[in-house]
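Written below as structure tokens is the structure these notes are about.
Nothing in this text is a laboratory measurement; each read-out follows from the coordinates by a stated rule. Please read all numbers here as calculations on a predicted model, not as lab measurements. Every residue, glycine as well, gets a Cβ built from its backbone with ideal geometry; the counts of neighbours run over all protein chains shown.
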Amino acid sequence: MRFAIFAALILLSSYVSSPAHVPNFDNFTTPVLKPGESGTFNFTIQNRYVNTMYNVVLNVGIYEWATEQDHKPIKQVQGAPVIEESGKTNYTIKLGALYPGVNMSVYFRIKTFSDTPDGVYFVRFSLFFDYNSSHYMMWSRGYFSNAVWDNATKNHTLNLTYLSKALGKPVDGIVPDSSFSVQSSLMWVLYVLIGLTAFVGFLAFYSYLKEERITNPADEKYYQLKGKYRKLERELKRKLREKNQ
């Protein structure tokens, strides 16, 4: 009997962490702002499980700034933008219950200042919820250092146990990072491209697919990109370099 219960818990955990079922972050609209402006950051979260998610809590954090020449943790950036609702770089949203198949809209406002530096600002998320009487925690790429992420994604798999040990908290799945931009002279075409960084976390799902033995035509592209965060940083720097030419 105990073995059956234990096996059921393992199967449930695998189901919840599966890339086919992890809550889907989609429909991102991220602002491109001049210093001193405010703008709305919004997206949707979809419950892809068969049952309701309860006590859903979303934590949002602006955590890094990057330009062609430099990048810094947000704590080292003078005049860093904040989330208007909290007045800080972090914001917690209680979403309540999320029913199967439902897309819930999430939005908040980004506030910049006259001395906010130009650049790309990375946003990370963590999602906590109860499902079938168990509590789960999911995190985006921005919570892990390059070294930790590299070790956790060897051989095109994602080692959640390793990530949990590194973070010091359970990691039951990976959700996307995103970003927004601040630019004195708005280059909207450039930043539409940069806005695609909203899907950086999606690259991690391909490693999930391999771990779950699910094939996908995009695997070859994933291997070329290697799902590494540094690849994203290089691409951002390249686009900023083109802008300055």
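For residue 37 and residue 115, the difference between the fully extended length at 0.36 nm per residue and the C-alpha to C-alpha distance is 27.0 nm.
Taking amide H atoms as placed 1.01 Å from N in the peptide plane, the amide H of residue 116 lies under 5 Å from those of 36, each 5 or more residues away in sequence or on another chain. Shown in residue order for the stretch 165-171 are the 3J(HN,Hα) couplings computed by the Karplus curve 6.51 cos²θ - 1.76 cosθ + 1.60 at θ = phi - 60°: 5, 5, 7, x, 9, x, 10 Hz (x for Gly and Pro).
Taking amide H as placed 1.01 Å from N in the peptide plane, residue 95 has its amide H under 5 Å from the amide H of 56, 57, 58, each at least 5 places away in sequence or on another chain.
The distance from the alpha carbon centre of the stretch 26-52 to that of the stretch 133-180 is 21 Å, rounded to a whole number.
Model label points for residue 52 and residue 27, set 7 angstrom from Cα along the Cα-to-Cβ axis, are 2.1 nm apart.
Expressed in nm to one decimal, what extension gain is obtained for the pair residue 157 and residue 68 from 0.36 nm per residue of sequence separation less their Cα-Cα distance?
Values: separation 89, 0.36 × 89 = 32.04 nm, distance 3.04 nm.
Between residue 157 and residue 68, full extension yields an extra 29.0 nm.
Remark on residue 89: its backbone amide H falls under 5 Å from those of 83, a criterion applied only to residues 5 or more positions apart or on other chains, H modelled at 1.01 Å from N. Separation of the alpha carbons by more than 23 angstrom is noted, of 34/72; 34/75; 94/165, for 94/165.
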